[in-house]
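K.L.:
Sharing a structure below in structure tokens format, with a few things to ask.
The values are calculated or read from the model by the stated rules, or taken from the named source; none is laboratory data. Everything quoted here is computed from the prediction, not taken from an experiment. All Cβ positions, even for glycine, are placed from backbone atoms using ideal geometry, and neighbour counts span all protein chains on display.
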Amino acid sequence: MFRCPNHIIQRIYDNFVKKSLSIPDPQLGGLHLKGLILVHIRVSGGGWLHLGGQRYRCALGRGGISADKREGDGATPVGQFPFRRLLYRADRVARPECLLPMRSIQANDGWCDDPGDGAYNQAVTLPYRASAETLWRDDHLYDLVVILGHNDNPAVPGRGSAIFMHIASQDYGPTEGCVALARPDLLTILRELDTHGEILIEA
């Protein structure tokens, strides 16, 4: 009996079975869902995230969607980015059902957003010597945080930091560049994610 070598099976998986999410520019209107079958999705305005046959409302950056992402511009970057890991507030949320590596957020967790620092666009412990965002928030936006692999391999100073997928405000107000969804929608999406998946953001 012929058995397909493991490296060929892995290559087939990598090229054809990887999951991806697609996020449209709310002002434009066309995008593709990548997966086993290429599907053209019609976008009806607002911000929408498409996964399989479902679509979910989402909030995007206050600076729109940009192919020239810069630190502090408030834009959501164009590109295709892997899912790195999941952070969550264990004091507020039960351990989510998700195949991503995950850990609970601690009170001293931060994320460096200083382009001049060696830990730019990396997790740091607060207090930190340079500018850093706190991940332990009083509101609920960071109760669930998916770290996206944007500008991290390696991090280029000034090309953007802390691009996450997290919980949206109740009015879906604009983010600082992240993708934000309602908590129930994000929990649903988390069940489909693993480190082989990618998010595709198109302008």
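K.L.:
May I ask you to verify whether residue 85 is under 17 Å from the mean Cα position of the chain (by Cα) and surrounded by fewer than 17 Cβ atoms within 10 Å (Cβ to Cβ)? Before the answer, list the steps.
P.N.:
Details: under 17 Å from the mean Cα position of the chain (by Cα): yes; surrounded by fewer than 17 Cβ atoms within 10 Å (Cβ to Cβ): yes.
Yes, satisfied.
K.L.:
Here's another thing I want to ask about it. Which of the residues that make up segment 142-196 are in a helix (DSSP H, G or I), under 17 Å from residue 83 (Cβ atoms) and not polar (S, T, N, Q)?
P.N.:
To start, the set of residues in segment 142-196 that are in a helix (DSSP H, G or I) comprises 183-190.
Going one step further and asking which of them are under 17 Å from residue 83 (Cβ atoms), we end up with 185-190.
Within segment 142-196, 185, 186, 187, 189, 190 qualify.
K.L.:
Determine whether residue 179 is touching a residue at least 60 places away in the same chain (Cβ under 8 Å), in contact with a Ser or Thr (Cβ under 7 Å, 6 or more places away or on another chain) and either surrounded by fewer than 15 Cβ atoms within 10 Å (Cβ to Cβ) or of a type in the set (A, V, I, L, M) (or both).
P.N.:
Yes: the conditions hold for residue 179.
K.L.:
Would you please list the contacts, defined by Cβ atoms under 9 Å and residues six or more apart or on different chains, that run from a residue in segment 89-104 that is buried (at least 16 other Cβ atoms within 10 Å of the Cβ) to a residue that is hydroxyl-bearing (Ser, Thr, Tyr) and in a loop (DSSP other than H, G, I, E, B)?
P.N.:
From segment 89-104, the pairs are 89/142; 100/195.
K.L.:
Of all residues in segment 97-114, count the ones that are out of contact with any Lys or Arg (no Cβ under 8 Å at 6 or more places or on another chain) and either assigned to a loop (DSSP other than H, G, I, E, B) or among the aliphatic types (A, V, I, L, M) (or both). Steps first, answer last, please.
P.N.:
Keep residues of segment 97-114 that are out of contact with any Lys or Arg (no Cβ under 8 Å at 6 or more places or on another chain), which gives 99, 106-114.
From what is left, the residues that are either assigned to a loop (DSSP other than H, G, I, E, B) or among the aliphatic types (A, V, I, L, M) (or both) are 99, 106-108, 113-114.
Here the count works out to 6.
Listed here are the residues, each with its yes/no results for (1) in contact with a helix residue (DSSP H, G or I) (Cβ under 9 Å, 6 or more places away or on another chain); (2) part of a loop (DSSP other than H, G, I, E, B); (3) modelled with pLDDT of 95 or more; (4) within 25 Å of residue 187 (Cα to Cα).
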| position | (1), (2), (3), (4) |
| --- | --- |
| 4 | yes, yes, no, no |
| 7 | no, no, no, no |
| 55 | no, no, no, yes |
| 80 | no, no, no, yes |
| 83 | no, no, no, yes |
| 94 | no, yes, yes, yes |
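K.L.:
Could you say whether any residue in segment 156-164 is under 18 Å from residue 103 (Cα atoms), surrounded by fewer than 17 Cβ atoms within 10 Å (Cβ to Cβ) and without any contact (Cβ under 8 Å) to a residue 12 or more places away in the chain?
P.N.:
So the first thing to find is which residues in segment 156-164 are under 18 Å from residue 103 (Cα atoms), and the list is 162-164.
After this cut, where a residue has to be surrounded by fewer than 17 Cβ atoms within 10 Å (Cβ to Cβ) as well, the list is none.
No, that holds for no residue.
K.L.:
Name the residues in segment 73-88 that are among the hydroxyl-bearing types (Ser, Thr, Tyr) and in contact (Cβ under 8 Å) with a residue 60 or more places away in the chain, would you? Quick ask: steps written out before the conclusion?
P.N.:
Taking segment 73-88 as the starting set, the residues that turn out to be among the hydroxyl-bearing types (Ser, Thr, Tyr) are 76, 88.
Selection gives 76 alone.
K.L.:
Kindly evaluate residue 130 against the criterion of being within 21 Å of residue 74 (Cβ to Cβ), touching a residue at least 24 places away in the same chain (Cβ under 8 Å) and assigned to a loop (DSSP other than H, G, I, E, B). Break it down into steps so the answer makes sense when it comes.
P.N.:
On the way: within 21 Å of residue 74 (Cβ to Cβ): yes; touching a residue at least 24 places away in the same chain (Cβ under 8 Å): no; assigned to a loop (DSSP other than H, G, I, E, B): yes.
So residue 130 does not fit the description; no.
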